[in-house]
């Protein structure tokens, strides 16, 4: 690991190589992936991918609790906390709305679904069949989930938003206890530092872990020929999603980074390389949380107070890529089914996609579940999701990376604000 300082390109290069090897192995073995005769070759790939993801997930709960408590306790002033929280929420809401509008503009321009109009709607998968909530019920679940009656159960169930709220309140209480509270705040800060050391160790397994995860996903999809067939059928839809994500990631967010944080976008993006590649490999912004914090603090110089506050919150509620994807997917489904959504309906899509993305869990393909809310809001059949399932897992990796990139830019903006307050 000592070589990382002198060769910062080494780990990202190894991650890219791992992803490329995973694509190649999964593509070649895909048609026979479940063949018992190949179990000896497949099992090691599955094992390393599963272990890598499990190690990252095991760090989520302690990192969230320790980092948020440390950040809030060290702010010292509850009025200051309120201002920072308001700025963070405003930035997240604004960028999510911009992402949705970008996606809407792209899909209305390209109109990828018109060439597939009249195609038979596929069956729902188990992934989405379980989500039959109305928008009001979903909003109710999000709000009540913020106040779990049992924090141990919340940790076991992965209720990150509930843990964040509890950690915010506990950190605020510590800040009111003076020297006594400061000691516990310092303990939380030390715990966070120790956990980030563990993240650094785990991340060196990432090249092999990403190889295993990508190979398994490509193999389960049927290999290179099957994936190519799906992309050929839904090529223009994929182009819309990737175009929208690229515009948001490489135009909107960098402009905000320059205007609000006075940062060099290219340098900042390079510093987030490990995090973005991990997000692509795992398709989980929550699993990438520790790597994101490490990249922000060690490679981009963002203060721990800003990163520890913004990133855990952003991992839960800031889903720029997911919101954009949901808007594109809903309009694509409408076009495919021959349903013309007018201005009022598209405004509903903008509003519900923005709100649904805030409630999306930071897990792979969670956007499929929340997209049901958007479809229901404009009167489209939930079964329409079946049209995009075959390539959703591919696009999910790109939108997860955009979600993480949005969190990183938000942390830089808040850090700039904290620095301005210190100067003032």
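Yes/no matrix, rows are residues, columns are (1) crowded, with 22+ Cβ neighbours inside 10 Å; (2) more than 12 Å from residue 313 (Cβ to Cβ); (3) over 20 Å from the mean Cα position of the chain (by Cα):
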{"residue": "52", "(1), (2), (3)": "yes, yes, no"}
{"residue": "66", "(1), (2), (3)": "yes, yes, yes"}
{"residue": "79", "(1), (2), (3)": "no, yes, yes"}
{"residue": "83", "(1), (2), (3)": "no, yes, yes"}
{"residue": "91", "(1), (2), (3)": "yes, no, no"}
{"residue": "94", "(1), (2), (3)": "no, yes, no"}
{"residue": "99", "(1), (2), (3)": "yes, yes, no"}
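For region 259-281, the set of residues classified as surrounded by fewer than 20 Cβ atoms within 10 Å (Cβ to Cβ), more than 19 Å from the chain's Cα centre (by Cα) and closer than 14 Å to residue 408 by Cβ consists of 260, 264, 265, 266, 267, listed by residue number. Quick one: is residue 253 over 12 Å from residue 106 (Cβ atoms) and either within 18 Å of the chain's Cα centre (by Cα) or outside any helix (DSSP H, G or I) (or both)? Considered against the rule, which asks whether it is over 12 Å from residue 106 (Cβ atoms) and either within 18 Å of the chain's Cα centre (by Cα) or outside any helix (DSSP H, G or I) (or both), residue 253 comes out as yes. Output the residues belonging to region 140-199 that are closer than 17 Å to residue 316 by Cβ and outside any helix (DSSP H, G or I). If the condition is that a residue be closer than 17 Å to residue 316 by Cβ and outside any helix (DSSP H, G or I), then 146, 147, 148, 158, 159 are the ones that fit.
Residue-wise test of (1) assigned to a loop (DSSP other than H, G, I, E, B); (2) at pLDDT 95 or above; (3) out of contact with any helix residue (DSSP H, G or I) (no Cβ under 7 Å at 6 or more places or on another chain); (4) closer than 17 Å to residue 14 by Cα.
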residue: 244; (1), (2), (3), (4): no, yes, no, no
residue: 259; (1), (2), (3), (4): no, yes, yes, no
residue: 266; (1), (2), (3), (4): no, yes, yes, no
residue: 269; (1), (2), (3), (4): no, yes, yes, no
residue: 278; (1), (2), (3), (4): no, no, no, yes
residue: 287; (1), (2), (3), (4): yes, no, no, no
residue: 290; (1), (2), (3), (4): no, no, no, no
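Any chance region 210-228 includes a residue that's without any contact (Cβ under 8 Å) to a residue 24 or more places away in the chain and either touching a strand residue (DSSP E or B) at 6+ places or on another chain (Cβ under 8 Å) or under 21 Å from residue 25 (Cβ atoms) (or both)? Within region 210-228, one or more residues are without any contact (Cβ under 8 Å) to a residue 24 or more places away in the chain and either touching a strand residue (DSSP E or B) at 6+ places or on another chain (Cβ under 8 Å) or under 21 Å from residue 25 (Cβ atoms) (or both). Is it fair to say residue 307 is under 17 Å from residue 410 (Cβ atoms), over 9 Å from the mean Cα position of the chain (by Cα), touching a residue at least 60 places away in the same chain (Cβ under 8 Å) and crowded, with 24+ Cβ neighbours inside 10 Å? Answer is yes for this residue. Among the numbered conditions (1) out of contact with any helix residue (DSSP H, G or I) (no Cβ under 8 Å at 6 or more places or on another chain); (2) within 29 Å of residue 409 (Cβ to Cβ); (3) at pLDDT below 85, the only one that residue 201 does not meet is (3).
Among the conditions (1) modelled with pLDDT of 80 or more; (2) under 23 Å from residue 248 (Cβ atoms), residue 339 misses just one, which is (2).
The values are calculated or read from the model by the stated rules, or taken from the named source; none is laboratory data. Bear in mind that the values here come from a model prediction, so they are computed numbers and not experimental data. Here the Cβ is made from the backbone with ideal geometry for all residues, glycine too, and neighbour counts use every protein chain on show.
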